[in-house]
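Inspection log for the structure reproduced underneath, given as structure tokens.
The values are calculated or read from the model by the stated rules, or taken from the named source; none is laboratory data. No experiment lies behind these values; they were computed from the predicted model shown. Cβ placement follows ideal geometry from the backbone for every residue including glycine, while neighbour counts extend to all protein chains displayed. Heavy atoms of the whole protein, side chains included, go into the accessibility calculation; ligands, DNA and RNA do not. Shrake-Rupley method; radii C 1.70, N 1.55, O 1.52, S 1.80 Å.
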Amino acid sequence: MQRKHYDEMHAADGAVRPHYRALADWLAATPAERVAEKRREADLLFHRVGITFAVYGDEQGAERLIPFDTIPRIIPLSEWQLLVRGLKQRVAALNRFLHDIYHGQEILKAGVIPAEQVLGNSAYQVAMLGLDLPHQVYSHIAGIDLIRHEDGNWYVLEDNLRTPSGVSYMLEDRKMMMRLFPELFEQQHVYPVEHYPALLLETLRSIGPHAMSEASVVVMTPGQYNSAYFEHAFLAQQMGVELVEGADLFVKDGYVYMRATGGRQRVDVIYRRVDDAFLDPLAFREDSLLGVPGLLSAYRAGNVSLANAIGTGVADDKSTYPYVPDMIRFYLGEEPLLANVPTWQCKRPEDFAYVSEHLAELVVKEVQGSGGYGMLIGPACTAAQVEAFRARLNANPTNYIAQPTLSLSTCPTFVERGIAPRHVDLRPFVLSGREVTLVPGGLTRVALGEGSLVVNSSQGGGTKDTWVVD
Amino acid sequence: MLSRVADRIFWMSRQMERAENMARILGVTANLVLFGASDRREENLRAPLTITGTSEGFAERHQSLTLETLIAFLALDEANPSSIYSCLRDARDNAHAVRWQITSEMWETLNATWLEVRGIRRERVIGAGATQFFDWVKERSHLFRGVTYGTIVRGEAFDFSRLGTFLERADNTARILDVKYHILLPAVEDVGGALDYYQWTALLRSVSAFETYRALYRDQIFPIKVAELLVLERRMPRSLAACFVEINHSLERIEGQHDHSVKRLAGELLARLTHSDIEEIFQAGLHEFLTGCLADFTELGNRIQRAYLGTV
């Protein structure tokens, strides 16, 4: 699979791009042995701190370390500012969409999106109908996955509006880089990201149900065996709020309380990292042990706020994704600043025909899949693998969308034999409450295998520090 | 503080203390069995099972009671919930669940202990290897307590950790004394009589009290003074009285809503251990006194669970 990629560090003629020059000089001047030593130090530190994640299917949820690469991914400020405008625009439209489909449903009436597509979606929550949320925000924490194509332009790969994870790596990677290579931060001004937890707390407080008093915020986790438990605990600690599990909370007289040694304590805002289906066994899955009985009724009574809101999944579903540019036009009357990747929806006969014909060239994803599970990357697969996938596709075309195999840009990365280009994507985190904010940076994921395009941590991806520089 | 978190911290510390006490009991037992009088061999082997209430569990898994089977069962048996192995595992699991509410040093201490005990093979824990192993467990427990004391913020996490440690320790000291006293001195009349010096020394050593006895009494070893030291002497850090000084300190700092019955019982126990006279205790029966204390410790544990830790 040889093709031309956009390289973040080097222009087509091999010259170092201006925003990478300081780093290139430093790399050239620093003995390889010193860098290697620092990388070992980083591994050791990450292990000791315990920044690990559990992999589904591993025995007893064994913990693994996400590989960390010490060469940062650098974005010039001017480019970042364009991204910020595009991201804010996109998230604003998505929040408007969510408010609309649970209220007047104007976008469905206007025929911009087929109604059955939205109302028949399994992530659509009837329980949210007519419920008014503070600032009309649904996805308070949104992770938008971006890639840079070979044409040098950015594209949105997918929106994560439910419980996007990875922000702890953004913060820990930065901390690690500053610890290992302080001289790099003296040489140039890297915009800070360390205030993310403070911004997150401010965002969460701003959506409290009682305008008068300061909201009491908690982080709710499914528990220590969840793959992102580290992040839940990390964010709670960084914000200085309690990390609770479902069993720590109870609902009484329409309010939510936590069980504490000193008696019950009121909870106003729950940053929940538990899926909708498990939130309240009385309202959703009754077999859920992770939830809080009666939580939905307290939520509907307006006595507690949830971040993110219930029912946001309908907006980040891969079947909704193709309509986001139209949403932006419909709600904001603006042209999208960030482009979508062209997408074929296999439920459409003509799209399905095209996908069937070009299967070996395309990336095919399950509409409701996530984490890189259940997807086909045509060009990277053998004929037999493609045919095996075709059988699944034919059995249920509605369940799939397809996109061209995008050439994710590359960034120099330490590999076994020195430094080599590896494919990267970028997930900035957009916070929406009373205001919409984001820190300058995000999570850069890198596919460590040569030629690999799968950046998911569960599939052997690593992370890099992401710098926005002047 | 969340009840669940307090519960985990309380049990984390209890389990570590329990592992240490088990190591102490087994260490002194191994000594007595190997070097002590042979006519007491059987009694000495049985004592650890009696002290920890695991006689039935042992009988289910082993046919003959030897030092090897005893150590196999109480030190490294994964299926025995009272074994050192299980205690270290449970302490580590509890710490894992709250590793963000404790310090990283505390977590690392328990995690490293667990990783190490997992790699220890049964064959190594015999003879001199057994003594080494028990010393190692004690050291890890000392380390954990020291790390806790030296790193954690003074707040409820600290208080519940101390509460767990000292309630467990009081319970263990009372059990060891009760069982050993019974073996060594079946009849009250013998109180002033001839002594198996070696056995009494071993009892004192099992709770690190031998040097303390010498320092405080500057005298021969008399059973009644041994009992006084382990029950009433506040200066002896493993005595019941010393444990209840600590327990009451911790409880004073913990603010609960419906915890009057906890604080009252802890206060009553402290008063009993402060104002009792060892002669009187003996007149009424040491065994009866200790049995009463043990029942109250259990009740105190239950009340703590109900008042603070969210379990009924």
Quiz item: When the range A:303-350 is examined, which residues are found to be of a type outside the set (Lys, Arg), in contact with a Ser or Thr (Cβ under 7 Å, 6 or more places away or on another chain) and open to solvent by 20 Å² or more (accessible area, probe 1.4 Å)?
Solution: A:322
Practice problem: Return the total of residues in the range A:36-80 being under 23 Å from residue A:193 (Cα atoms) and modelled with pLDDT of 75 or more. | Solution: 21
Quiz item: Are any residues in the range A:294-341 over 30 Å from residue A:268 (Cβ atoms) and among the aliphatic types (A, V, I, L, M), and if so, which ones?
Solution: A:324, A:327, A:328, A:332, A:337, A:338, A:339, A:341
Quiz prompt | Residue identified as among the acidic types (Asp, Glu), open to solvent by less than 20 Å² (accessible area, probe 1.4 Å) and more than 14 Å from chain A (Cβ to nearest Cβ) among B:78, B:17 | solution = B:17
Quiz prompt | Counted residues, the range B:50-75 - those being polar (S, T, N, Q), assigned to a loop (DSSP other than H, G, I, E, B) and surrounded by fewer than 15 Cβ atoms within 10 Å (Cβ to Cβ) | solution = 3
Practice problem: Kindly list the number of the only condition in (1) farther than 27 Å from residue A:163 by Cβ; (2) open to solvent by less than 60 Å² (accessible area, probe 1.4 Å) that fails for residue A:391. | Solution: (2)
Quiz prompt | Single residue of A:299, A:255, A:271 found to be away from chain B (no Cβ under 14 Å) and within 24 Å of residue A:84 (Cα to Cα) | solution = A:271
Quiz item: Looking at this structure, is residue B:35 open to solvent by 40 Å² or more (accessible area, probe 1.4 Å) and either within 23 Å of residue B:210 (Cα to Cα) or within 14 Å of another protein chain (Cβ to nearest Cβ) (or both)?
Solution: yes
Quiz prompt | the range A:94-116 - residue that is closer than 16 Å to residue A:333 by Cβ and more than 24 Å from the chain's Cα centre (by Cα) and, of those, least open to solvent (accessible area, probe 1.4 Å) | solution = A:107
Quiz item: Can residue A:442 be described as of a type outside the set (S, T, N, Q) and closer than 30 Å to residue A:208 by Cβ?
Solution: yes
Practice problem: Take the range A:75-105 and flag every residue that is without any contact (Cβ under 8 Å) to a residue 12 or more places away in the chain and not in a loop (DSSP other than H, G, I, E, B). | Solution: A:78, A:79, A:81
Quiz item: Of all residues in the range B:141-161 being within 14 Å of chain A (Cβ to nearest Cβ) and of a type outside the set (A, V, I, L, M, F, W, C), which is surrounded by the most Cβ atoms within 10 Å (Cβ to Cβ)?
Solution: B:161
Quiz item: Restricting attention to the range A:107-124, which residues are outside any loop (DSSP other than H, G, I, E, B) and free of Cβ contacts under 8 Å to residues at least 24 places away in the same chain?
Solution: A:108, A:109, A:115, A:116, A:119
Exercise. Could you identify the single residue in A:463, A:437 that is surrounded by fewer than 19 Cβ atoms within 10 Å (Cβ to Cβ) and either under 24 Å from residue A:197 (Cα atoms) or hydroxyl-bearing (Ser, Thr, Tyr) (or both)?
Key: A:437
Quiz item: Among the residues of the range B:250-271, is any away from chain A (no Cβ under 14 Å), within 14 Å of residue B:174 (Cβ to Cβ) and either open to solvent by 40 Å² or more (accessible area, probe 1.4 Å) or in contact with a Gly (Cβ under 8 Å, 6 or more places away or on another chain) (or both)?
Solution: no
Quiz item: Among the residues of the range A:372-386, is there at least one that is within 30 Å of residue A:309 (Cα to Cα) and either among the polar types (S, T, N, Q) or open to solvent by less than 20 Å² (accessible area, probe 1.4 Å) (or both)?
Solution: yes
Quiz item: Taking the range A:193-223, which residues are open to solvent by less than 60 Å² (accessible area, probe 1.4 Å), out of contact with any strand residue (DSSP E or B) (no Cβ under 7 Å at 6 or more places or on another chain), within 30 Å of residue A:19 (Cβ to Cβ) and not hydrophobic (A, V, I, L, M, F, W, C)?
Solution: A:196, A:197
Self-check item: Leading residue by the ranking (surrounded by the most Cβ atoms within 10 Å (Cβ to Cβ)) among those in the range B:88-101 that are assigned to a helix (DSSP H, G or I) and at the interface with chain A (Cβ under 10 Å from one of its Cβ atoms)
Solution: B:97
Quiz item: Any residue at all in the range B:82-91 that is within 22 Å of the chain's Cα centre (by Cα) and over 19 Å from residue B:21 (Cα atoms)?
Solution: no
Quiz prompt | Members of the range A:215-252 that are more than 13 Å from chain B (Cβ to nearest Cβ) and of a type in the set (A, V, I, L, M) | solution = A:215, A:217, A:228, A:251
Quiz prompt | Identity of the residue in the range B:272-310, open to solvent by less than 60 Å² (accessible area, probe 1.4 Å) and polar (S, T, N, Q), that ends up nearest to the other protein chains (Cβ to nearest Cβ) | solution = B:305
Quiz item: Residue check: is residue B:7 out of contact with any strand residue (DSSP E or B) (no Cβ under 8 Å at 6 or more places or on another chain), within 14 Å of another protein chain (Cβ to nearest Cβ) and either open to solvent by 10 Å² or more (accessible area, probe 1.4 Å) or among the β-branched types (Val, Ile, Thr) (or both)?
Solution: yes
Self-check item: Residues located in the range A:118-148, provided they are over 20 Å from residue A:208 (Cβ atoms) and either among the basic types (Lys, Arg) or open to solvent by less than 10 Å² (accessible area, probe 1.4 Å) (or both)
Solution: A:118, A:143, A:144, A:145, A:146, A:147, A:148
Quiz item: So, of the residues in the range A:330-359 that are over 26 Å from residue A:152 (Cβ atoms) and among the hydroxyl-bearing types (Ser, Thr, Tyr), which turns out to be modelled with the highest pLDDT?
Solution: A:331
Quiz item: Do we find that residue A:157 is within 20 Å of residue A:310 (Cβ to Cβ), away from chain B (no Cβ under 14 Å) and either open to solvent by 30 Å² or more (accessible area, probe 1.4 Å) or under 23 Å from the mean Cα position of the chain (by Cα) (or both) in this structure?
Solution: no
Self-check item: Residue satisfying all of: in the range B:102-118; out of contact with any Ser or Thr (no Cβ under 9 Å at 6 or more places or on another chain) and open to solvent by 50 Å² or more (accessible area, probe 1.4 Å); nearest to the other protein chains (Cβ to nearest Cβ) among these
Solution: B:108
Quiz item: Residues that are in contact (Cβ under 8 Å) with a residue 24 or more places away in the chain and under 24 Å from residue A:122 (Cβ atoms): which strands (runs of 3 or more DSSP E) entirely in the range A:262-342 hold 2 or more of them?
Solution: A:269-272, A:305-307
